[in-house]
Amino acid sequence: MPQYANKEIMVYLLRSIIEVIGRRTSDAYASVIISDTIHKLTGKYSFLDYIEVSAPHYMETVDVVSISDDINYIESNLIGMATRDILESITYKMAKDAGHYFIKEIKEDIPYKYRNAIKDLCVDLDLLQIKFISDIKESYDTRIENSDVIKKIFNVLYKILEEEKNRDFAYNTLDKIVANLKIKHDILESVQINNARYIEGVNVATVGLEVNKENSTRVGVAIQNILEEINRALDEKGGYYFTENIKRGLPSDYILKLQHMGVRLDDIKLSQGLILRQVLKALVDALSETNTQSWAVLAVNNVLKSYNTRFGFFNYVTVENIEPFQKGVYAIGIPTEIDVVEPFMLGKGIQKIIEVITASFEKKSGKIVLDKFKKRLGRNFIMIIEELGVNLHMVELRNNFLY
């Protein structure tokens, strides 16, 4: 495993903290918070004087994080201790503004190759996340009413839908889903979706106070159903992408309240058929950049057929050219049975397809195809297939070993 200098690790960690805080506030505010935290900790760790976090500049070439090379001579255990204190201080200082999954987001934002390097400093980001959640649970405001949760969640959902398409889509989707679910959940009779398309600052939902007398678990079931319907409406922008946007939009105490109501955000996922379709589409598009689309479609189909004995669910998966002379037009057929396949088996099948296709090229060309595939697939879907057990880093290492 490659070793990284203290300076390199700290630069990427601090950049990630700025990125995560900046998404909720601003990069300027993030820089002030980090700079203030480091300044206060210099009494305990004098070497933190080597770090300077300045206000962001308009020029992208100017880095807001500047660290002296002298920090490379500090013992790693001291760097680890200081890093933990910086993270804890910032996390609790930001509290609700940072969000319930603040540390988790930082971990995901850090480049893959530096995650283990940070853990080698005895900084366990997962453990820090658990500690933060535990501490918040002991202090969060239990006086949040059912009506407060409903109003807050609808405001967040409206924003997500609006950013995905437009205000008309946001209003019509929420209004239709609530109307349809009133038959199943009578508590939604107390919920009215307001036409927030033309009125700034108004709550998306008006909620009758009578819902506060309802059992919070019943309200939670209704909210869960609403989220699942919206997830379907968002198609490929659903799943992990959708739930993470909800978590980012809600204060920590509201996320905890939802958990107490039985709402399971992490259970809201994309269908496996849609995941496989996106993977195959990204592969065909990546291969089409190196050759013709017809060749790309043939290559993917050949690999699917080669492994349909080992992975029976590939038997009826097809990629077909619709208009051979019209670039970008092809159809991907996915059987409904894909959705009942064990996720880890689907992950194995996806990994094998990617391995075989990229390994069919020479080392340099294979890496180019893999990089094009990752770019086409996008960060959201990369994280989704990683949850299925797909390890693209391992694919690259194995392909390097072949040559």
Open item on the list: Looking at the structure I just gave you, is VAL284 closer than 24 Å to GLU108 by Cα, assigned to a helix (DSSP H, G or I), modelled with pLDDT of 90 or more and of a type in the set (A, V, I, L, M)?
Closed with: no
- [ ] Give the stretch 357-400 a look and list any residue that's among the aromatic types (Phe, Trp, Tyr) and not in a helix (DSSP H, G or I), or say none.
- [x] PHE361
TODO: State all residues of the stretch 69-85 that are part of a helix (DSSP H, G or I), touching a residue at least 60 places away in the same chain (Cβ under 8 Å) and of a type in the set (A, V, I, L, M, F, W, C); if no residue qualifies, say none.
DONE: ILE71, ILE79
Task: Every pair of residues 6+ apart whose Cβ atoms lie under 7 Å, when the first sits in the stretch 4-25 and is without any contact (Cβ under 8 Å) to a residue 60 or more places away in the chain while the second is of a type in the set (Lys, Arg) and assigned to a helix (DSSP H, G or I) - done: none
- [ ] Would you check if there is a residue in the stretch 313-322 being in contact with a Phe, Trp or Tyr (Cβ under 8 Å, 6 or more places away or on another chain), part of a loop (DSSP other than H, G, I, E, B), modelled with pLDDT under 85 and not polar (S, T, N, Q)?
- [x] yes
Open item on the list: Out of the residues in the stretch 200-217 meeting the condition of being among the charged types (D, E, K, R) and in a helix (DSSP H, G or I), tell me which one is surrounded by the most Cβ atoms within 10 Å (Cβ to Cβ).
Closed with: GLU210
- [ ] Could you figure out which of (1) modelled with pLDDT of 90 or more; (2) surrounded by fewer than 21 Cβ atoms within 10 Å (Cβ to Cβ); (3) part of a helix (DSSP H, G or I); (4) not aromatic (Phe, Trp, Tyr) isn't true of ARG15?
- [x] (1)
Task: Scan of the stretch 299-312 for residues that are within 13 Å of LEU280 (Cβ to Cβ) and hydrophobic (A, V, I, L, M, F, W, C), ordered by number - done: ALA299, VAL300, VAL303, LEU304
Open item on the list: Give me the residue from the stretch 366-388 that is within 15 Å of LYS269 (Cα to Cα) and surrounded by fewer than 20 Cβ atoms within 10 Å (Cβ to Cβ) and, out of that set, modelled with the lowest pLDDT.
Closed with: ASN380
Task: Residue count, the stretch 48-60 (criterion: in contact with a helix residue (DSSP H, G or I) (Cβ under 6 Å, 6 or more places away or on another chain) and at pLDDT 90 or above) - done: 3
Open item on the list: Any residue at all in the stretch 165-182 that's modelled with pLDDT under 90, in a loop (DSSP other than H, G, I, E, B) and surrounded by fewer than 18 Cβ atoms within 10 Å (Cβ to Cβ)?
Closed with: yes
- [ ] Test ASN302 against the stated conditions and say whether it is in a loop (DSSP other than H, G, I, E, B) and more than 20 Å from GLU337 (Cα to Cα).
- [x] no
- [ ] Could you tell me whether TYR254 is under 21 Å from ILE177 (Cα atoms), part of a helix (DSSP H, G or I) and not basic (Lys, Arg)?
- [x] no
- [ ] Test ILE223 against the criterion of being closer than 14 Å to VAL149 by Cβ and either among the β-branched types (Val, Ile, Thr) or touching a Ser or Thr at 6+ places or on another chain (Cβ under 8 Å) (or both), and give yes or no.
- [x] yes
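Table: residues versus (1) more than 18 Å from ILE384 (Cβ to Cβ); (2) acidic (Asp, Glu).
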site	(1), (2)
ALA296	yes, no
VAL300	yes, no
PHE313	no, no
GLU320	yes, yes
ILE334	no, no
GLU342	no, yes
ILE354	no, no
LYS364	yes, no
Task: Pairs with Cβ under 6 Å, 6+ apart, first in the stretch 260-275 and within 14 Å of ILE246 (Cβ to Cβ), second part of a loop (DSSP other than H, G, I, E, B) - done: LYS269/GLY239
TODO: Give me the pairs, please: first residue somewhere in the stretch 195-211 and touching a residue at least 40 places away in the same chain (Cβ under 8 Å), second residue anywhere and of a type in the set (A, V, I, L, M, F, W, C) and in a strand (DSSP E or B), beta-carbon distance under 6 Å, and either six or more positions apart or on two chains.
DONE: ALA205/VAL191; ALA205/ILE193; VAL207/VAL191
Task: Of all residues making up the stretch 173-220, the number that are within 26 Å of the chain's Cα centre (by Cα) and closer than 19 Å to ALA233 by Cα - done: 4
Open item on the list: Is it the case, given these coordinates, that THR290 is more than 26 Å from ASN231 (Cα to Cα), outside any helix (DSSP H, G or I) and touching a residue at least 60 places away in the same chain (Cβ under 8 Å)?
Closed with: yes
Task: Condition met for ILE106 (β-branched (Val, Ile, Thr) and surrounded by fewer than 20 Cβ atoms within 10 Å (Cβ to Cβ)) - done: no
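The values are calculated or read from the model by the stated rules, or taken from the named source; none is laboratory data. Quantities reported herein were computed from a predicted structural model and do not represent experimental measurements. Neighbour counts are summed over all protein chains in view; Cβ atoms, including those assigned to glycine, are modelled from backbone coordinates with ideal geometry.
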